[in-house]
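All remarks here apply to the structure that follows.
The values are calculated or read from the model by the stated rules, or taken from the named source; none is laboratory data. Nothing here was measured: the structure is a model prediction, and the numbers come from that model. Positions of Cβ are generated from backbone atoms using ideal geometry, with glycine treated the same way; all protein chains shown enter the neighbour counts.
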Amino acid sequence: MTILIKDIKLNGKETTIQIDNNIISKINPKNPDKSDRILNGKGKAVIPSLLNNHTHAAMSLLRGYADDFPLQKWLSEYIWPMEKKLKAKDVYWGARLACLEMVKTGTTCFNDMYFFPQETARAAIDAGIRAVVSEVFFDPLETGEKLSNSLKKSIKELKKMDELITPAIGPHAIYTLSNESLAWLAEFSKKEGLLMHFHLSETKKEVDECIEKNGKRPVELLDELGFFSKHSINAHCVWLDEKEIKILAKRKSRAVYCPTSNQKLSVGKAMPFKKLSHAGVIVSLGTDGNASNNSLDLFEEMKSAVLLQKFSSNNPMEMTAIDAFKLCTLNAAESIGLNAGLIEEGKLADLCIVDLKNVKIVPGHDLVSDLVYSADGSCIETVICNGKIVMLNRKVEGEEEIIEKARKQAFDLVQR
Ligand SMILES: [Zn+2]
């Protein structure tokens, strides 16, 4: 399948983009090959589609269900009791709803941690977008050969499902897993060459409790357990000191900034973005789940990301629009080892067409500024993932049915 996008703006200049199968094969070709499909790009711009590096897609069913509580109370009294009742069907329809929202706001890849990861994978495949899926682990966890064999089996099955799916390992957090379980899961993920998705130092409470129990801060403790590598993707990373930042950089571990979730759950501080970046840690962006955000629109998240950094540092240069845009394109792709996040020949054909006539981004002095500070997902007109059109002129196939079924499933879950 060949797609030609004609007369579209790329970095301010009109060009033609040729997509062959799942790759951006030519930019501005003199003699474009015969194409199966031509898209008219006049009055539009092309950007890489966005990547959401920390979410729990199926939590979309709980959007607006329990807002305005502190993290521990929110988890233990509202979210965990609901998650105990979860069925595979809830996860599928919750994730379908999330995928629909992501596609409609220009996101074509998400890094997920949740129960029934095969259902999240199925939802992503049905939506035509990429997902890194990890089963979430809490204690009590019986580590050993039995767990190793069952994990190997489920990872093999996930890998077989579709090239859009990347299996990973998802230890929940330091306060829900013993040191032994954390060390075992890290060792397993290293041996199997899998990404490991984790919640790290989100609140001060979690850091204080770790010091009290182990006599050291979380990153120091985890490093002694052999936890960090370039495969470890750590969401939040709010309460880090200088020494911990150095350890993460040394181990080439990744950090994911979740500004809206952090503000909503009042974690008390902003991630030390500049210090992490200067130390060489790749930072990307995540929305967290819809129960703690309550949106998966990465355009809103970019604005939140920049504003929180500027406000908390009292420095308008602390994070720029370009920094924010990279967080959910190039940096995010690099974090998970995906050949995407840029419009360049040879990159995966994961891209968005932006409607430059959308009132939110007129007159159009600077596209990146407009995308970060004034756009929202409604400025995205068409979305392509892996060389296939997943949204055309803001229409997604089957969206009415997805909305209907997800709503029904959400009320079924909370009334169960
Ligand atoms: Zn999370």
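Going by what's in this entry, would residue 201 be described as of a type in the set (Gly, Ala, Ser) and within 14 Å of the ligand (Cβ to nearest atom)?
On the way: of a type in the set (Gly, Ala, Ser): yes; within 14 Å of the ligand (Cβ to nearest atom): yes.
The answer is yes for residue 201.
Among the residues of the stretch 264-287, is any surrounded by fewer than 24 Cβ atoms within 10 Å (Cβ to Cβ), touching a residue at least 60 places away in the same chain (Cβ under 8 Å), within 16 Å of the ligand (Cβ to nearest atom) and outside any loop (DSSP other than H, G, I, E, B)?
yes
Quick test of your reading of the structure: residue 189 fulfils all but one of (1) buried (at least 20 other Cβ atoms within 10 Å of the Cβ); (2) touching a helix residue (DSSP H, G or I) at 6+ places or on another chain (Cβ under 9 Å). Name the failing condition by number.
(2)
Among the residues that make up the stretch 386-395, is at least one of them of a type outside the set (A, V, I, L, M), free of Cβ contacts under 8 Å to residues at least 12 places away in the same chain and surrounded by fewer than 19 Cβ atoms within 10 Å (Cβ to Cβ)? Walk me through how you get there before you give the answer.
We begin by selecting, within the stretch 386-395, every residue of a type outside the set (A, V, I, L, M); these are 386-388, 393-395.
Retained after the next criterion (residues that are free of Cβ contacts under 8 Å to residues at least 12 places away in the same chain): 395.
Checking the rest, the ones that are also surrounded by fewer than 19 Cβ atoms within 10 Å (Cβ to Cβ) come to 395.
Yes, because at least one residue in the stretch 386-395 is of a type outside the set (A, V, I, L, M), free of Cβ contacts under 8 Å to residues at least 12 places away in the same chain and surrounded by fewer than 19 Cβ atoms within 10 Å (Cβ to Cβ).
Would you confirm whether any residue within the stretch 301-321 is of a type outside the set (A, V, I, L, M) and within 16 Å of the ligand (Cβ to nearest atom)? Walk me through how you get there before you give the answer.
So the first thing to find is which residues in the stretch 301-321 are of a type outside the set (A, V, I, L, M), and the list is 301, 303-304, 309-316, 318, 320.
Retained after the next criterion (residues that are within 16 Å of the ligand (Cβ to nearest atom)): 301, 304.
Yes; the residues of the stretch 301-321 include at least one that is of a type outside the set (A, V, I, L, M) and within 16 Å of the ligand (Cβ to nearest atom).
Report the residue count in the stretch 29-62 for those that are assigned to a loop (DSSP other than H, G, I, E, B), surrounded by fewer than 19 Cβ atoms within 10 Å (Cβ to Cβ) and at pLDDT 95 or above. Explain how you work it out, then say what you get.
So in the stretch 29-62, the residues assigned to a loop (DSSP other than H, G, I, E, B) come out as 29-36, 41-43, 49, 56.
Then keep just the ones that are surrounded by fewer than 19 Cβ atoms within 10 Å (Cβ to Cβ); that gives 29-36, 42-43.
Now restrict to residues that are at pLDDT 95 or above: 42-43.
Number satisfying all stated conditions: 2.
Do we find a residue being small (Gly, Ala, Ser), away from the ligand (no atom under 16 Å from the Cβ) and under 22 Å from residue 262 (Cβ atoms) anywhere in the stretch 235-249? Give the derivation first.
Of the residues in the stretch 235-249, the ones small (Gly, Ala, Ser) are 235, 249.
Right, trim to away from the ligand (no atom under 16 Å from the Cβ) and you get 249.
Still in the list and also under 22 Å from residue 262 (Cβ atoms): 249.
Scanning the stretch 235-249 turns up at least one residue that is small (Gly, Ala, Ser), away from the ligand (no atom under 16 Å from the Cβ) and under 22 Å from residue 262 (Cβ atoms).
Across the stretch 286-326, what is the number of residues that are touching a His at 6+ places or on another chain (Cβ under 8 Å) and among the hydrophobic types (A, V, I, L, M, F, W, C)?
Final tally of qualifying residues: 1.
Starting from residues that are more than 16 Å from the ligand (Cβ to nearest atom) and crowded, with 20+ Cβ neighbours inside 10 Å, keep the ones in the stretch 204-216 and report whichever is nearest to the chain's Cα centre (by Cα).
Here the residue is 207.
For the stretch 83-172, give me every one of the helices (runs of 4 or more DSSP H) that falls completely inside it and has 2 or more residues that are in contact (Cβ under 8 Å) with a residue 60 or more places away in the chain and in contact with a Phe, Trp or Tyr (Cβ under 7 Å, 6 or more places away or on another chain).
Working: elements: 88-104, 117-127, 145-161.
Counting at least 2 such residues, we get 117-127.
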